[in-house]
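Novice: Starting off with a structure, shown below.
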Amino acid sequence: CCEEATAVSRECTGVKVQQNLLKDQAFLLATLAQDPSTSSTFVLRLVNDIAPQVDRLFPEGAADGSVILLALGLALYQLGPDYYQRALELYDKAHATAGASEIFKRAQPTYGCILTHRGVLHMKLLDYVSSERDLAEASRIWSTTFPDSSIAGICSLELALCYYALAQPDEAQSCFETAEPICRVLHSEPKLRLLLDKVTQVRRKFLEQK
């Protein structure tokens with residue numbers, strides 16, 4: 001019995017080491033993909049190498065498995081439009097994995113991250129209905145978990161852009177008003193500031209058309 005317990009313990013330790021290594025690789029890849037000098041072939045090869053291992057090493061509904069799939073999708077997204085569809089497949093899989101656990105789905109910010117990134121990608125693909133669905137749900141998550149965070153502001157601004165694309169300026173205005181105080185506090189964050197400027201320009205055009 002002791003020998004069997006030791007063997008099981010060693011096996012579990014080995015799996016945990018592999019899981020952590022895979023997570024580190026996925027995060028590093030998402031960072032490297034931001035560098036224009038990183039080869040798209042290199043990124044794609046590593047994505048195709050890492051993705052199948054998630055099924056093998058992580059049980060359905062495992063938070064870390066979803067995080068890895070999200071990081072891989074983000075790496076491909078950053079390579080540009082030619083890789084958007086493959087990135088969406090990984091986001092969809094991350095969403096399905098995370099959504100397998102109702103507790104995880106309702107409580108974990110990771111689920112909000114998946115929805116936010118997938119919603120933004122849907123908008124890039126001009127699927128505004130799907131984008132609104134994901135971003136609206138993500139916005140609800142951020143409002144109860146990290147209401148004053150950068151990701152909450154980004155999600156609200158992206159949702160505002162989506163509503164403008166759907167010709168729903170009142171809903172867009174509501175999102176803008178939610179994001180504006182966050183942007184004032186976190187005004188030094190470049191991504192948030194650029195997104196606020198973009199929404200402000202679109203908002204101004206809608207007001208001029210009235």
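The values are calculated or read from the model by the stated rules, or taken from the named source; none is laboratory data. Every value quoted in this text rests on a predicted model; they were computed, and no experiment measured them. Note that each Cβ is placed from the backbone with ideal geometry, even for glycine, and that neighbours are counted across all protein chains shown.
Novice: Given (1) buried (at least 24 other Cβ atoms within 10 Å of the Cβ); (2) within 25 Å of Ser40 (Cβ to Cβ), where does Leu159 come up short, assuming only one miss?
Specialist: Here Leu159 meets the rest and fails (2).
Novice: If I ask for residues that are more than 17 Å from Ile114 (Cβ to Cβ) and not charged (D, E, K, R), which ones from region 51-71 would you list?
Specialist: Listed by number, the residues that qualify are Pro52, Gln53, Leu57, Pro59.
Novice: Starting from region 163-175, take each residue that is within 18 Å of Gln201 (Cβ to Cβ) and list its partners that are among the aliphatic types (A, V, I, L, M) and in a helix (DSSP H, G or I), counting only C-beta distances under 6 angstrom and pairs at least six apart or across chains.
Specialist: Tyr163/Ala172; Tyr164/Ala172; Tyr164/Val202; Ala172/Ala160; Cys175/Leu159; Cys175/Ala160
Novice: Also, quick follow-up: Note down all Cβ pairs under 6 Å where the first residue falls in region 145-161 and is free of Cβ contacts under 8 Å to residues at least 60 places away in the same chain and over 13 Å from Leu194 (Cα atoms), the second is of a type in the set (S, T, N, Q) and assigned to a loop (DSSP other than H, G, I, E, B), and they're at least six residues apart or on different chains.
Specialist: Between residues of region 145-161 that are free of Cβ contacts under 8 Å to residues at least 60 places away in the same chain and over 13 Å from Leu194 (Cα atoms) and residues that are of a type in the set (S, T, N, Q) and assigned to a loop (DSSP other than H, G, I, E, B), there is no close pair.
Novice: Moving to a separate point now. Looking at Leu126, is it part of a loop (DSSP other than H, G, I, E, B) and either farther than 17 Å from Tyr91 by Cα or not hydroxyl-bearing (Ser, Thr, Tyr) (or both)?
Specialist: When the stated conditions are applied, Leu126 passes them.
Novice: Using the structure shown, decide if Gln34 is at pLDDT 90 or above, outside any helix (DSSP H, G or I) and more than 17 Å from Gln108 (Cβ to Cβ).
Specialist: For Gln34, the condition - at pLDDT 90 or above, outside any helix (DSSP H, G or I) and more than 17 Å from Gln108 (Cβ to Cβ) - is met.
Novice: Sort out which residues of region 109-128 are at pLDDT 95 or above and of a type in the set (Gly, Ala, Ser), and write them in order of number.
Specialist: Gly119
Novice: Residues of region 165-184 being assigned to a helix (DSSP H, G or I) and loosely packed, with under 13 Cβ neighbours inside 10 Å, which ones?
Specialist: Asp170, Glu177, Pro181, Arg184 - these are the residues of region 165-184 that are assigned to a helix (DSSP H, G or I) and loosely packed, with under 13 Cβ neighbours inside 10 Å.
Novice: On to the next question. In this structure, does Ala136 turn out to be within 22 Å of Asp64 (Cα to Cα), buried (at least 17 other Cβ atoms within 10 Å of the Cβ) and aliphatic (A, V, I, L, M)?
Specialist: Considered against the rule, which asks whether it is within 22 Å of Asp64 (Cα to Cα), buried (at least 17 other Cβ atoms within 10 Å of the Cβ) and aliphatic (A, V, I, L, M), Ala136 comes out as no.
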